[in-house]
Amino acid sequence: MIKQQVSDDQTTAPVKLWKVSVSPHIKSSESVEKIMWTVVACLMPPLILSVFVFGIQTLFITAVSVVSCVVVEAVSQKALGRRVTIKDGSAVLTGLLLAFVIPPGVSPLLPILAAIFAIYIGKHLLGGIGYNFFNPALLGRAFLLASFPVAMTSAWLSPVEGFGIFSYLGTSIDAISTATPLAVMKEQGLAAFTEAFGSGAGLYTSFFLGWRPGCIGETSGLLLLLGGGYLLYRKYITYHIPVSILGTIAVLTWVFGGETYFRGDPLLALVTGGAILGAFFMATDYVTSPTTKISQIVYGICIGALTVLIRLKGGYPEGICYAILLMNPLSTVLDSWFKPKRFAPPQGGAE
Amino acid sequence: MLTFPKGGAHPPEFKEQTAGLSIEVMPVPDELELILGQHIGAPCTPTVARKEEINEGALVGEVKRGLGVPLHSPVTGKIKAIGTSAHPMRVTAPSLTIGVDHEADPVQYPEQDWQSFDGSELLQKVNDAGIIGVGGAGFPTHVKLNPPAGSPVDILLLNGAECEPYITSDHRQMLEHAAEIVGGAGIILKILGINECYIGIESNKQDAIKVMTAAAEQASTGDCSIKIETLQVKYPQGSEKQLIQAITGRKVPAMALPSAVGVVVQNVSTAKAIYDGVVYGKPLYEKVVTIAGKGINKPANLLLKVGTRIKDIVDYLGGLEPGLSKIIMGGPMMGFAVSSLDIPITKTTSAILFLTEDEIDTSPHSQCIRCGWCLEACPMGLEPKEIGIYVEANRAEDTEPFGVFDCFECGSCAYVCPAKRPLVQFVRLAKMKAKRP
C-alpha cells in the first residue's frame, strides 16, 4: 500500500504505515464493554417488573442512581488523571445494581450519596476498575445501611393494586411503608409472617414472581434467574459461584433455620432476601470474586454460610450483602491458595 | 476425536481463502537473500566467497561448532554480497545475497532406494540436507532424531494439525504429497529404530485425512504401523506438548523435551523434506508458503525458494490491496509482524499474511478486570493475568511462580482477554527479567 501510494505519486511521502505489534494479531470479539452492557440488559426485565410492583418511582430512583454513578465515575477519573471510561458500562451497571439493593420508597438523595461513596471511595481511590476489592454497589448499600438505617430498613412498599403504577406518587412514604418478608419473620415470627404473606405453594409462587415488598431489584426470582441463565449461556459467568451460594443457603437453612434441626424452609430462603440477585449478579462480579474454579466454590460456600449466619443470628434479616462484602477481600487470598493445575511439573523436582 | 483436555481457544479458521488452491511454483526472482541463521543454534558461517559461482543445492554455509545444520544455495547463480538482511525478529541478520542465473539448467536429483541405507547413514543424510523443523521452531532435525540414550523413544508423531488460522500450506502438502510424507515417516521410524507412528490432523481437513489414511495404509507393513488420528479443531492443537497429550496421553514435564516421555514429533512438511533429502539427496531450500489475507491481490499457496523476498512475492501476486494494515510472517496467533518488504522467507516460514484493518485487532487495552478467562484458556495451567499485573507494576522479576517459563506464547490468553491486554508481550518482558528456576 505504501508502495502503491508512492508509485502513484512519487512526490508524496507515504502517510499510512503498517502496524507492528506482538502476537496474537487477532482477538476474540468479546470485550469489557460487551460484558458490562450484556449484564445491564439482563437486569432490564426485573427493573421493568419493579415498576409494576412498586410503581413508577422505582424508575426514578434507578435513574438517579445510574446517572450519579456515571457522573461520579467521570469526575473521579478526571480528578485522578485517569482515562475516562464511562462508556465501558461498568458505572452504569454499578448504578443499576445499587438501585436494585435499596428500598423503593427512599429519598433520591440516598442513591446520590451512595454513588459517591461506592464509585469514588470504593472504586477509584482503591485503584479503579480491576483493583477495587469490594463490590461497589454493595459498598454503597452498606454505607446507606449504616448512615440511614431507618430509611433503609423501613421504606418498603407493598405491591401496588392492579396496574396502579402511579398510585404511590405524592403520598408520604411513612404512611404506606410495610416490612419485608424476612424482617417480619425475624422480628414477629412465623405466625405474623403467615398472616401477612400467606403460606403454601401460593406463597412461593408470588414470591418467585415478585409480588411482595423488597428492594427494587430483588423481587422477582424468576426474572433474575432468567437473566443469570443468559449470562451462564453466554459463558460470562460460570455456575460455580451462584450454585455454591444458593446450595449452601438452602442446606444450612434447612438444617438450622427451623424451630428444630432439619425443619427450616430452604425454598423460602432462596426466593427472599436478595439471595438470587446476590448469587448471580453481585457475587459473580469479576473484579471482586476469585478466578479459579475451586476458589470460586469455596468463596460461594463461605458467602452462603455467612448469609445464613447473619440471617439467623445477626441483626439483619437479609444478610447476603454483608456476606459478599466480607468475602470480597478474601478473593485474591483464595486464588493464591487454590492455584490452577500446571500442565506438568519439571522432572524430578518440586513444583 | 482427540484433543488436549485443558485450555485452548477457538479463533475463526479463515482457511477457505487458500485451502482449495493447489501449490503453485513461483518463478525464481532475480535475487535471493539467504539468512545464515535459519535454525535454532549457532548461525552458519559462509563457505563461499563474494562473486563465487554456485550451483543449485551447493553448500554455502555450515556450522563449525555447536547446534546447527548446513545451508545450501536454492539456485544456480553468483554470490553478490555477504552482508546483512532485514529480519522479522532481529531487525537485521547476517545473510548472503545471491544473484540468480536464469539460464542455468535445473539440477537433477536421481532417486535412490532409501531402504538400502542403515539408520546412521539415513541420519547423516538428514543432517547433510540441512533439515530443520519447518513448522516454525527451526530445531535441527537430526538432533531430534538422535535422542539421548537415557530416554528411549517408542512413538513418532507427525504434526498435521495446522491449528493456526489462515495457514493451509501443510494441508496442501498432505493433499498433494501424501506418499512422500508417509515415506518420510518410514525413514524416521527406521532412524529411530521404532515401528509406531501417528499422524495428527485436525478434523477441518477431512480431504487430507482421507488422502493420508489411504497413503498410510499402503505404507504400513507388518513391522511398521502408521495411523491417522483425527484431532478436534482447537487452538493450540499443533503445539508439541498438547499434541503429544492429545494422541498419547503422555505429559511432557516442564523444561523437558518430548523424548523424556518417549516421543518424537515432526511436522508433516518436515517429513516431506526428509523424504526429499534422503531419497533424492535434495537439500531443504524450497518451502511451501501460504499467502493470504484481504491485503493481497491474489492469495495463493506458493512453492518458494528459501531467500525469496516478500516484495517479489507481492509483485508476483498482483500487488497489495488498499486497507492493508499488518504483514505477518507465520500465523495470526504466533506470527511476527514485519515492517519491511525486503525481509526474505526462511526454511521455517509457513505463511505470509497481509491483513487489513478489519481483520486484525487494534483496540486499546484496559486494566485487568480479573475475569479469569486467561486462566481457562491457558493450555499450560498458568496465570497470565498475574504476570500482566506484575509486569505493569514493574515487578517482572517476581513472575516466576506464575509459570512464566512454561509459557510457549501461544497467545490463547491474549486472544480471549476481554480487556484486550497484550499478555504475550507481558510474558516476553517477564521472561527477560525473571530468574529461571
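The values are calculated or read from the model by the stated rules, or taken from the named source; none is laboratory data. These numbers were taken from a predicted model, which means no experiment stands behind them. Because the Cβ atoms are built from the backbone with ideal geometry, glycine has one as well, and the counts that use them run over all protein chains shown.
What the table below lists for this structure:
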item	result
Some residue of region A:284-292 being more than 26 Å from A:MET152 (Cα to Cα), more than 18 Å from the chain's Cα centre (by Cα) and free of Cβ contacts under 8 Å to residues at least 60 places away in the same chain	yes
Pairs where the first residue, in region A:209-221, is in contact (Cβ under 8 Å) with a residue 40 or more places away in the chain and the second is of a type in the set (Phe, Trp, Tyr), C-beta under 6 Å, 6+ apart	A:PRO213/A:TRP156; A:ILE216/A:PHE100; A:GLY217/A:PHE100; A:GLY221/A:PHE208
Criterion violated by B:LEU156 - all others in (1) in contact with an Asp or Glu (Cβ under 9 Å, 6 or more places away or on another chain); (2) more than 14 Å from chain A (Cβ to nearest Cβ); (3) closer than 29 Å to B:PHE354 by Cβ satisfied	(3)
Of residues in region B:1-46 being of a type in the set (Asp, Glu) and part of a strand (DSSP E or B), the one surrounded by the fewest Cβ atoms within 10 Å (Cβ to Cβ)	B:GLU24
Unmet requirement for B:GLY381, which otherwise passes all of (1) in contact with an Asp or Glu (Cβ under 9 Å, 6 or more places away or on another chain); (2) surrounded by fewer than 22 Cβ atoms within 10 Å (Cβ to Cβ); (3) in a helix (DSSP H, G or I)	(3)
Sole exception among (1) surrounded by fewer than 17 Cβ atoms within 10 Å (Cβ to Cβ); (2) in contact with a Leu (Cβ under 9 Å, 6 or more places away or on another chain); (3) modelled with pLDDT of 95 or more; (4) of a type outside the set (A, V, I, L, M, F, W, C) for A:GLU259, by number	(3)
Test set (1) surrounded by 12 or more Cβ atoms within 10 Å (Cβ to Cβ); (2) farther than 20 Å from B:GLY133 by Cβ - B:PRO110 fails condition number	(1)
Among residues of region B:349-376, those that are within 24 Å of the chain's Cα centre (by Cα), surrounded by fewer than 22 Cβ atoms within 10 Å (Cβ to Cβ) and more than 9 Å from chain A (Cβ to nearest Cβ), counted	1
Matching helices (runs of 4 or more DSSP H) fully within region A:21-117 where at least 2 residues are under 30 Å from B:PRO165 (Cβ atoms) and in contact with a Phe, Trp or Tyr (Cβ under 7 Å, 6 or more places away or on another chain)	A:32-42
Answer residue from region A:87-145, given it is under 24 Å from A:SER331 (Cα atoms) and polar (S, T, N, Q) and is surrounded by the fewest Cβ atoms within 10 Å (Cβ to Cβ) among those	A:ASN132
Top-ranked residue of region B:8-20 - restricted to ones that are more than 9 Å from chain A (Cβ to nearest Cβ) and touching a residue at least 40 places away in the same chain (Cβ under 8 Å), ranked as nearest to B:GLY411 (Cα to Cα)	B:GLY8
Complete set of residues in region B:211-258 that are of a type in the set (A, V, I, L, M, F, W, C), within 12 Å of chain A (Cβ to nearest Cβ) and out of contact with any helix residue (DSSP H, G or I) (no Cβ under 9 Å at 6 or more places or on another chain)	B:ALA256
For B:CYS410: the one exception among (1) under 29 Å from A:MET36 (Cβ atoms); (2) in contact (Cβ under 8 Å) with a residue 40 or more places away in the chain; (3) within 7 Å of another protein chain (Cβ to nearest Cβ)	(3)
Positions within region B:24-44 being touching an Asp or Glu at 6+ places or on another chain (Cβ under 8 Å) and within 19 Å of B:ILE131 (Cβ to Cβ), in sequence order	B:CYS44
Helices (runs of 4 or more DSSP H) within region A:172-254 that include 1 or more residues buried (at least 18 other Cβ atoms within 10 Å of the Cβ) and among the β-branched types (Val, Ile, Thr)	A:173-176, A:181-197
Residue that is nearest to A:PRO159 (Cα to Cα) [pool: residues in region A:48-86 that are crowded, with 20+ Cβ neighbours inside 10 Å and among the hydroxyl-bearing types (Ser, Thr, Tyr)]	A:SER50
Of all residues making up region B:292-332, the number that are touching a residue at least 12 places away in the same chain (Cβ under 8 Å), over 18 Å from B:HIS171 (Cα atoms), assigned to a loop (DSSP other than H, G, I, E, B) and within 8 Å of chain A (Cβ to nearest Cβ)	4
Which numbered condition B:LEU341 misses (of (1) under 29 Å from B:GLN115 (Cβ atoms); (2) surrounded by fewer than 20 Cβ atoms within 10 Å (Cβ to Cβ))	(1)
Verdict on A:ASP265 being within 14 Å of chain B (Cβ to nearest Cβ) and among the acidic types (Asp, Glu)	no
Qualifying residue in region A:319-329 (condition: under 17 Å from the mean Cα position of the chain (by Cα), in a loop (DSSP other than H, G, I, E, B) and at pLDDT 95 or above)	no
Residue among A:PHE117, A:PHE60, A:PHE52, A:PHE100 that alone is touching an Asp or Glu at 6+ places or on another chain (Cβ under 8 Å) and more than 14 Å from chain B (Cβ to nearest Cβ)	A:PHE100
Qualifying position, being within 11 Å of another protein chain (Cβ to nearest Cβ), over 14 Å from the mean Cα position of the chain (by Cα) and of a type in the set (Val, Ile, Thr), among B:VAL279, B:VAL261	B:VAL261
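Quick grid of which residues meet (1) in contact (Cβ under 8 Å) with a residue 12 or more places away in the chain; (2) among the aromatic types (Phe, Trp, Tyr); (3) more than 18 Å from B:GLY119 (Cα to Cα):
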{"position": "B:TYR235", "(1), (2), (3)": "yes, yes, yes"}
{"position": "B:SER239", "(1), (2), (3)": "yes, no, yes"}
{"position": "B:LEU243", "(1), (2), (3)": "yes, no, yes"}
{"position": "B:THR248", "(1), (2), (3)": "yes, no, yes"}
{"position": "B:PRO253", "(1), (2), (3)": "no, no, yes"}
{"position": "B:ALA260", "(1), (2), (3)": "yes, no, yes"}
{"position": "B:VAL263", "(1), (2), (3)": "yes, no, no"}
{"position": "B:ASN267", "(1), (2), (3)": "yes, no, yes"}
{"position": "B:ALA271", "(1), (2), (3)": "yes, no, no"}
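Residue-wise test of (1) more than 30 Å from B:GLY318 (Cα to Cα); (2) out of contact with any Ser or Thr (no Cβ under 9 Å at 6 or more places or on another chain); (3) among the basic types (Lys, Arg).
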| site | (1), (2), (3) |
| --- | --- |
| B:ARG250 | yes, yes, yes |
| B:PRO253 | yes, yes, no |
| B:ALA260 | yes, no, no |
| B:ALA273 | no, no, no |
| B:VAL278 | yes, yes, no |
| B:LYS282 | yes, yes, yes |
| B:GLU286 | no, yes, no |
| B:ILE291 | no, no, no |
| B:GLY295 | no, no, no |
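The rows are residues; the columns are (1) at pLDDT 95 or above; (2) surrounded by fewer than 21 Cβ atoms within 10 Å (Cβ to Cβ).
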residue	(1), (2)
B:THR76	yes, no
B:PRO94	no, yes
B:PRO106	no, yes
B:TRP114	no, yes
B:SER120	no, yes
B:VAL134	no, no
B:PRO148	no, yes
